[in-house]
Structure formats: structure tokens, C-alpha cells
Amino acid sequence: MIEAANISKSFGEKEVLKNISVQFEKGITNLIIGRSGSGKTVLMKCLVGLFNVDKGNIFFDDRDFSNMSIKEKRDIRQELGMLFQGGALFDSMTVEQNIMFPLSMFTKKSIEEKLERVNFCLKRVNLENSNKLFPSELSGGMIKRVAIARAISLQPKYLFCDEPNSGLDPMTSGVIDNLISEITHEYQITTVINTHDMNSVLEIGEKIVFINNGELWWGGTNQNVLKTNNKELNDFIFATELTRRLKK
Amino acid sequence: MLKPIGRYILLMLRVFKKPDKVKIFRKQLFTEFQSLGTDSLGIVAIISVFMGAVVAIQTAYNIDSPLIPLTMVGFTARQSMVLEFSPTIVSLILAGKVGSRIASEIGTMRVTEQIDALKIMGINPPNYLILPKITAAILYNPILIVLSIIMGLFGGWLACIVTQLVTSQDYISGLRYWFEAYTIFYALIKTVVFAFIITSISGYFGYYTTGGALEVGRASTKAVVFSSIFIILFNLILTQLLLA
Ligand SMILES: Nc1ncnc2c1ncn2[C@@H]1O[C@H](COP(=O)(O)OP(=O)(O)O)[C@@H](O)[C@H]1O
Ligand SMILES: [Mg+2]
């Protein structure tokens, strides 16, 4: 479980996160939804420690991340994987080298053991035999899959995905969503996903929190997200004709 | 003005840490030898030959007094190449070539979140990305500069032979005239300092890029401009310190 307790974050004068308290559960997909610019990415980057919070605490299974030594933070970092919006694959490395990188950095595995793990992860994301390709040779969906493979190579306890299906066609989006959801259940990962995609919300949103203008506005599941009376959430969900029809 | 300097110093403190994995560092170092060093051999050689030739010809044409021996041509070529042209001018050229490369490489990694990806994994990105480049340049640039001196002197010799202004014998005895090994030491010290300036300043501008492709371009221009300015500045300081 990951817990954020009363966290705030400003950039200069602009308060981007306002006193947010939220819990993300183990073994399920936790979704952070909200409009572009509402603060989802900033929240996620605060959770993983890429931004320092101005106020509040972040706990990884009761370990207070915000008050840790650099050494302890490093140890926790190896328990978390992150899927960035653009994939963030190292473009000077092949697919295989990308996935092997965390293994080389943080384990004492032999080259054979590492290769075995790489191939296992690639197989898990249905991308066998692309070991020697460079990121520039991959399609958007493949990039995301390699990024997932890299994120899970060290068997993380926590997985963060920032807009995992931005820039993908609806079908590929569904594939990526399902992949993340399956991996979450299979390995009992605490997974946090940022999205503004209603398909993802309805398909894989086991726990949902809605962020509006940097404030935590609503929390629930995909069972009750469609039935809410919350005005801002309704505006967000029923922004398209399709979702409006769905309601009827 | 003070804020960037402070940020630069803090960045360097993070750069100069023991690498996480020595084996990976060594591998990166050899990649950088290639991309920062070996890839520049051609341009350094060509520029040096022409610089040496021009210095030799200009000196030869300017000696019109019979009291000044033609051996001065070789002597002047040597002094110019060793003291100034090779260490300073070649470093300025490398600032353009290598500096823009470093800033755009690291800047692109910043804007595509590759640096965040490193950080998430628990890696110290400045150390991982910048230390191999600084180390490679500090070790390799002296080789480039020695090559430049040799090619420059060769260029001067070639010019003398082709234009028949100075005989090979006069030129070579000029090269040997009043040689102080200290000047080579001075050239190498300058080279090492300039190598550090180029790689660290370019690394700094790349690392703190924000935005997108446009800003990466800007960062790489700034890297070249500021590296060049600091090379010129430190050229003055070091000359004062080492030759005065
Ligand atoms: N590094 C930063 N510096 C200043 N402002 C930022 C920074 N990152 C994000 N912001 C601002 O924070 C707000 C929330 O951004 P973000 O979390 O990226 O939104 P989204 O919900 O679309 O992911 C935006 O207004 C953005 O301009
Ligand atoms: Mg975002």
C-alpha cells in the first residue's frame, strides 16, 4: 500500500497540489483521473520522489519515504517501477539493453541469468524476438510494452504508469491497459495509473481518485463512477457523446 | 549570475561521486573515447595541418630583413602551435563539436524523461551521464592536442617545401631551436582545463534543459557559447599563472 498524507506542492506562486491525502491499495489498479493540467503527473512524480513535496508525508507500506536517508530512498527505488508518458527508453540502447540495464546496475546476476530475465519480461509483454531493435525502430505500442518490461525487470512492488495509453490507438490502448492490469494481479503489485481516458477508467479502474485543480475531489470505483452526482466529475466523465449515451 | 554558478557547483558535486558500477563506467568511458575523441581525430588533423601551413607562410613572407635567419619560420610555427593554436584553438573547435553534442544528448534525455527514468531506478544521473564524458575528454584531449601539434608542424613543413620559401633543413633546425619542454607541459595543462570546461559546462546546460526540442537546441547553443567564453577566460588566467 502507498499512502500520501496531506501533501502539497507549489511551483513558485502556483499551488499545483493542495493538501492531498490518498491511499493506493496492493494488488489492484489505482487510477488517478482528471483533466490535463490538473496535477496528475506532479502527484505521481511526488509519490516516486522525482519532486520533493512542500508539505506532507508519503508512505510505502508504512515506510516514511519523505523522511528517509538517500541510502534508504535508493533501496525503495529498486522496489518501484515507472512507466513514463513517452516511454523514456534509453535511445542509445537496444530493447534488450534497456531491460537489462536495471539488472546490470542493481543485481549480481550473470549475463545468462540477466538474459533469461530479459526474455521472460519480453515474453510477458508479448514482444519476443525484438531484442536487438533500437527504440527508434519501434512503434508507439511497442515502446510502451518495452517500457513495461523494463519497469518490471526488477520485480517491483510498486508500479507507476503516467498516461500509459497516450498517443496510442484505441485497440493498442486496450492491450496496454489489460497488460498492466494482468501484471498487477499476477504479481500483486501496488499499481498507480494516471489517465484521462474514460475507456481505461471503465475497463481497469478498480480504485479511482479524481483530481480537480490540484485537489482531491472524489474517490470510488468504476462501478460507481458513472453514478456520481459530483458536478466536476460528471463534466469530466460525460464530456463525450459516447459516454453520455452510455449513461442512458 | 550567482544562481547558475551555484547550480553548476552543486551539479559537479553530484557528478564527482564513485560510479555505482565500475564495470559499466568503464564501458561508458570507452564509448565516450570514441564519440568525443576518436570521432574528432579527422577534423583536428585537417585544421592543424592548415594552421601550421598558414603560420609558416605568413612568417616566411614577413621576414624581409637579411639579419633574421629563415630558421625563425620553424621556430615560430612551433611556438605558435604549442603555446596557442593547438591547445586553445583546437579546444574552441572541440567546444563547438563536442559541446553541442553533449548538451543535445543530455538535453534530449531530460526532455524525454530518460533522466527521470534513471533517477527512479535509484541511479545518480549526473554521475552516470556526465562523469564518463568529463573523464574521457580529460584523458583523450591531450592526445588530440599532441596530434594537433605534430600535424601543425608537418603542415608548416609542407608549406615551406611546396612554396620553396624555406628549405626543409632550415625549417627543421628552427623547430629544434631553443626548445623548452615546459611549453608542452603548459599546453597540456591548458588542454586538460579546457576539456573539463567543455564537458562540464555542456553537461550542465544539457542537464538543466526544460521544455522540448526547441529548448534542446537552445541548450546546445548556450553550451558552445559559454564553453568558448570560459576557454578564452581561462586561457588568459592560465597563461598569466603558468608563463609569467
Ligand atoms: N516542473 C514544473 N514547473 C512548474 N510548473 C509545473 C511543472 N510541472 C508541472 N507544472 C504545472 O503543474 C500543473 C499540473 O501539471 P501536470 O501534473 O503535468 O498535469 P496533468 O494532470 O496533465 O498530468 C500544470 O499547470 C503545469 O503547468
Ligand atoms: Mg500528465
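The values are calculated or read from the model by the stated rules, or taken from the named source; none is laboratory data. Not measured: the values here are computed from a predicted model. Quick reminder, even Gly has a Cβ in these numbers, built from the backbone with ideal geometry, and neighbours come from all protein chains shown. Accessible surface is based on the protein model in full, side chains and every heavy atom, while ligands, DNA and RNA are left aside. Shrake-Rupley method; radii C 1.70, N 1.55, O 1.52, S 1.80 Å.
Given a 1.4 angstrom probe, what's the average accessible area per residue across the range B:95-244, in square angstrom?
Values: 6420 Å² over 150 residues.
Heavy-atom SASA per residue in the range B:95-244 reads 43 Å².
Express in whole angstrom the spacing between the alpha-carbon centres of the range A:174-208 and the range B:185-235.
So the separation of the two Cα centres works out to 44 Å.
Counting other Cβ atoms within 10 Å, which trypsin sites (Lys or Arg not before Pro) in the range A:81-173 have at most 16 and lie in a DSSP loop?
Details: sites: A:K108, A:K109, A:K114, A:R117, A:K123, A:R124, A:K132, A:K144, A:R145, A:R150, A:K157; in loops: A:K108, A:K109, A:K132, A:K157.
Taking the range A:81-173 and a limit of 16 other Cβ atoms within 10 Å, the loop trypsin sites (Lys or Arg not before Pro) found are A:K108, A:K109, A:K132.
Are there any helices in chain A, counted as whole DSSP H runs, that stretch 24 Å or more along their axis by Cα and score at least -0.5 on average by Kyte-Doolittle, and if so which?
Numbers: long enough: A:170-187 (26 Å, -0.01).
Qualifying helices, which must be both long enough and hydrophobic enough, are A:170-187.
When the accessible area of each residue in the range A:81-98 is compared between its chain alone and the complete protein assembly (1.4 Å probe; ligands, DNA and RNA ignored), which residues differ by at least 30 Å², being lower in the assembly?
Residues passing the criterion (a loss of at least 30 Å², heavy atoms only) are A:F84, A:A88, A:F90, A:D91.
Looking only at the range B:127-159, which residues have a backbone nitrogen under 18 Å from a spot 7 Å from the Cα of B:A181 in the C-beta direction?
B:146, by backbone N distance to the label point.
Determine ³J(HN,Hα), in whole Hz, for all residues of the range B:80-91 in sequence, where each value follows from phi through the Karplus function 6.51 cos²θ - 1.76 cosθ + 1.60 and θ = phi - 60°; x replaces Gly and Pro.
Values per residue, Gly and Pro as x: 5, 5, 5, 6, 10, 4, 5, x, 8, 5, 5, 5 Hz.
Using heavy-atom solvent-accessible surface (probe 1.4 Å) with all chains present, what is the largest-first order of B:T167, A:T184, B:T76?
Working: B:T167 75, A:T184 0, B:T76 40 Å².
Sorted by accessible area, descending: B:T167, B:T76, A:T184.
Quick one: putting +1 on the C-beta of Lys and Arg, -1 on the C-beta of Asp and Glu, what dipole do you get for chain A around its Cα centre, in Debye to the nearest 20?
Details: 31 positive and 31 negative charges, 32 e Å.
For chain A, the charge dipole is close to 160 debye.
Quick one: with all protein chains in place, what share of the accessible area of the range A:66-123 is carbon or sulfur, to the nearest percent (1.4 Å probe)?
Numbers: 1400 of 2770 Å².
Percent of accessible area from carbon and sulfur atoms in the range A:66-123: 51.
Counting C-alpha atoms alone, how compact is the range A:167-248: give Rg to one decimal and Dmax as a whole number, in angstrom.
13.3, 37
Considering only protein heavy atoms, what per residue accessible area in square angstrom results for chain A with a 1.4 angstrom probe?
Details: 11340 Å² over 248 residues.
Accessible area per residue: 46 Å².
Across every pair of different alpha-carbon atoms, what Kirkwood hydrodynamic radius in Å does the range B:24-243 reach? Please report the intermediate quantities before stating the final value.
Values: mean 1/r = 0.0539 Å⁻¹.
Final number for the Kirkwood radius of the range B:24-243 is 18.5 Å.
Roughly speaking, to the nearest percent, how much of chain B's 1.4 Å accessible area is carbon and sulfur? Display every interim value, and only then the final one.
Details: 8420 of 11700 Å².
So the carbon and sulfur contribution to the accessible surface is 72 percent.
Treating the Cα atoms of the range A:92-155 as identical point scatterers in vacuum, please give the log10 of the normalised Debye intensity I(q)/I(0) at q = 0.15, 0.20, 0.24, 0.30 Å⁻¹, two decimals.
-0.37, -0.67, -0.96, -1.44
Share of Cα-Cα pairs in the range A:1-122 beyond 21 Å, in percent? Display every interim value, and only then the final one.
Values: 3748 of 7381 pairs.
For the range A:1-122, the fraction of Cα-Cα distances above 21 Å is 51 percent.
Rounded to the nearest 5, what % of DSSP beta bridges with both residues in the protein assembly as shown are antiparallel?
Details: 19 of 37 bridges.
Expressed as a percentage, antiparallel bridges in the protein assembly as shown total about 50.
Just to be sure I understand: of the beta bridges DSSP finds with both ends in chain A, what percent are antiparallel, rounded to 5? Spell out each step's value before the answer.
Values: 19 of 37 bridges.
Restricted to chain A, the bridges split so that about 50 percent are antiparallel.
May I ask for the angle, rounded to the nearest 10°, between helix B:22-32 and the longest principal axis of chain B, with both axes built from Cα atoms and the value confined to 0 to 90°?
50 degrees
Note down the relative contact order for chain A as a percent, whole number, built from C-alpha pairs under 8 angstrom at least six residues apart.
Details: 436 pairs, mean separation 69.7, N = 248.
28 percent.
Relative to the first principal axis of the alpha-carbon coordinates of chain B, what is the inclination of helix B:181-207, with its axis defined by its Cα atoms, in degrees from 0 to 90 and to the nearest 10?
The helix B:181-207 is inclined about 30 degrees to chain B.
Compute the FRET efficiency between A:R74 and B:I63 as 1/(1 + (r/R0)^6), taking r as their Cβ-Cβ distance and R0 = 60 Å, and round to the nearest 0.05. Mind showing how you got there, number by number?
Values: r = 66 Å, r/R0 = 1.11.
Given R0 = 60 Å and the Cβ-Cβ separation, E is 0.35.
Just name one of A:I152, A:L103, A:M93: the one whose Cα is farthest towards the positive end of the charge dipole of the range A:92-155 (beta-carbon charges, Lys/Arg +1, Asp/Glu -1).
A:I152
Chains A and B: buried accessible surface, both sides, probe 1.4 Å, rounded to 100 Å²?
1800 Å²
Would you mind computing, in nm to one decimal, how far apart the modelled labels at B:I9 and B:V146 are, each placed 7 Å from Cα along Cα→Cβ?
It is 3.5 nm.
Testing the spin-label approximation: label points 7 Å from Cα along Cα→Cβ at A:E128 and B:A244. State their distance in nm.
With each label placed 7 Å out from Cα toward Cβ, I get 7.2 nm.
Got the relative contact order for the range A:1-66 handy, in percent, Cα pairs under 8 Å and 6 or more residues apart? Intermediate results must be reported in sequence, preceding the final value.
Values: 102 pairs, mean separation 27.9, N = 66.
After rounding, I find 42 percent.
Could you give the Stokes-Einstein D for the protein assembly as shown in µm² per second, using the C-alpha Kirkwood radius, 10 °C, 1.306 mPa s?
On the way: Rh = 25.8 Å.
Rounded, D is 61 µm²/s.
Using only the alpha-carbon atoms of chain A, report the extent along each of the three principal axes, biggest first, to the nearest angstrom.
For chain A, the Cα spread along each principal axis is 56, 45, 32 Å.
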